[in-house]
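Here is the structure we will look at, set down as C-alpha cells.
The values are calculated or read from the model by the stated rules, or taken from the named source; none is laboratory data. Keep in mind it's a predicted model, so treat the numbers as computed, not measured. Methodologically, a virtual Cβ is constructed for each residue, glycine included, from the backbone with ideal geometry; neighbour enumeration extends over all protein chains shown.
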C-alpha cells in the first residue's frame with residue numbers, strides 16, 4: 001500500500017498537470033516571458049562557451065606552471081582580455097570587409113535594375129512570340145518610375161517616419177542592453193568558472209542520486225565535447241575555404257574577391273547548404289559587373305568546394321563528430337525549420353551528441369546481452 005507521501009506527490013502532480021492543460025495559453029505566455037527575460041543569461045552562457053575555447057589555449061601558454069598566488073588572478077584577467085580581443089577582432093574584421101562592399105554592391109545593383117529590366121523588355125518585344133498587344137504594353141512602361149513607386153509603397157507600409165524611428169530606436173536600445181548584459185554575465189562566468197563548477201557539483205551531490213549524477217555528468221561532457229569539436233573544426237575549415245576562395249578569385253581576376261571570400265567562409269559554418277548560400281550571394285554580387293564572370297565564378301566555386309570537401313576538410317577535423325551525412329542533413333533541415341539560421345548552426349552538434357549517446361547506449365546493451 002503506497003504511503004501518504006506518495007499519494008500526495010501523485011495528487012499534486014495530477015493537479016499541476018490539470019492546471020497546465022486548462023490554462024495552456026497562460027502557461028505558454030509565462031514561459032515565453034521567462035525565456036525573454038533570460039535571454040541575456042542564455043546569450044552570456046553561449047558567449048562564455050565560445051570565449052572559453054581561446055581562453056583555455058592562452059591559459060596553457062601564459063605562465064601555466066607558476067605557483068605565485070597573484071599570478072592566478074593576473075593570468076585569468078590577461079587570458080580573458082586576449083579572448084575578447086581575439087573574437088572581437090575577428091568580428092570587426094568581418095564587418096569591415098563585408099559591410100562597405102555589400103552596401104556598394106546593393107547600390108550598384110539598384111542603379112542597374114531599370115536598365116536590366118529595359119533590356120529584358122526589349123528582348124521580349126523583339127522575340128517572334130511576342131504579340132502586338134504585349135509589345136505595346138511593354139514599350140509603354142517606365143521602369144524607373146515603377147521602381148520608385150514600389151519603393152514608396154514599401155516605405156509607406158512601415159508607417160510614418162516617427163513611428164518607424166521610434167521602433168528602430170527601441171529595438172537598438174533593447175539589443176544593446178541585452179548584448180551588454182550578456183557580455184557582463186560571460187565575464188563573470190569565465191572569471192570564476194572553477195568555483196561555479198564546484199558549486200554545481202555540490203548541488204548535484206546533495207540533490208541527485210549517484211547514478212543520475214553520473215549520467216548527467218557524462219551527457220554534459222559529451223555535449224560539450226561535440227560543441228567544442230564543431231566550433232573549432234568548422235571555424236578552421238571556414239577560414240581555409242574563405243582564404244582559398246579569395247586567393248583564387250584574385251588570381252583569376254574576379255571582382256569583389258575579399259568580400260566574396262569572407263561571405264563564402266562565413267556561410268561555410270552552416271553544414272551542407274552553407275556553400276550554396278555563399279555561392280549564391282557571390283554570384284549576385286559579381287552579376288552586377290559581368291554575367292559571364294558570375295557564371296565562371298559558380299564553376300570555380302564548385303571545383304573549389306569539391307577539393308575542400310574531399311581533401312582539406314578531412315585533414316582538418318576528420319571524423320571528429322562521427323555523424324553520418326544523412327543525419328547532418330536531417331539536423332540542418334530540422335534546425336533551420338524550427339530556429340532559422342541559429343537552428344542550422346546548433347542542429348549538427350546537438351544531433352552529434354544525441355547520436356554519440358545513443359550509440360554508446362546501444363553498445364552497452366549489446367555487451368549486457
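Rundown of residues vs (1) in a helix (DSSP H, G or I); (2) modelled with pLDDT of 80 or more; (3) under 29 Å from residue 51 (Cα atoms), yes/no style:
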site: 206; (1), (2), (3): yes, yes, no
site: 212; (1), (2), (3): yes, yes, no
site: 218; (1), (2), (3): yes, yes, yes
site: 234; (1), (2), (3): yes, no, yes
site: 243; (1), (2), (3): yes, yes, yes
site: 246; (1), (2), (3): yes, yes, yes
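Determine, yes or no, whether residue 362 is in a helix (DSSP H, G or I), under 17 Å from the mean Cα position of the chain (by Cα) and either surrounded by 11 or more Cβ atoms within 10 Å (Cβ to Cβ) or modelled with pLDDT of 80 or more (or both). Walk me through it before giving the result.
Numbers: in a helix (DSSP H, G or I): yes; under 17 Å from the mean Cα position of the chain (by Cα): no; either surrounded by 11 or more Cβ atoms within 10 Å (Cβ to Cβ) or modelled with pLDDT of 80 or more (or both): yes.
The answer is no for residue 362.
Residue-level analysis places residue 255 outside the set of residues that are outside any helix (DSSP H, G or I) and either modelled with pLDDT of 85 or more or within 22 Å of the chain's Cα centre (by Cα) (or both). Exactly one residue out of 58, 63 is surrounded by 12 or more Cβ atoms within 10 Å (Cβ to Cβ), at pLDDT below 75 and touching a helix residue (DSSP H, G or I) at 6+ places or on another chain (Cβ under 7 Å), and it is 63.
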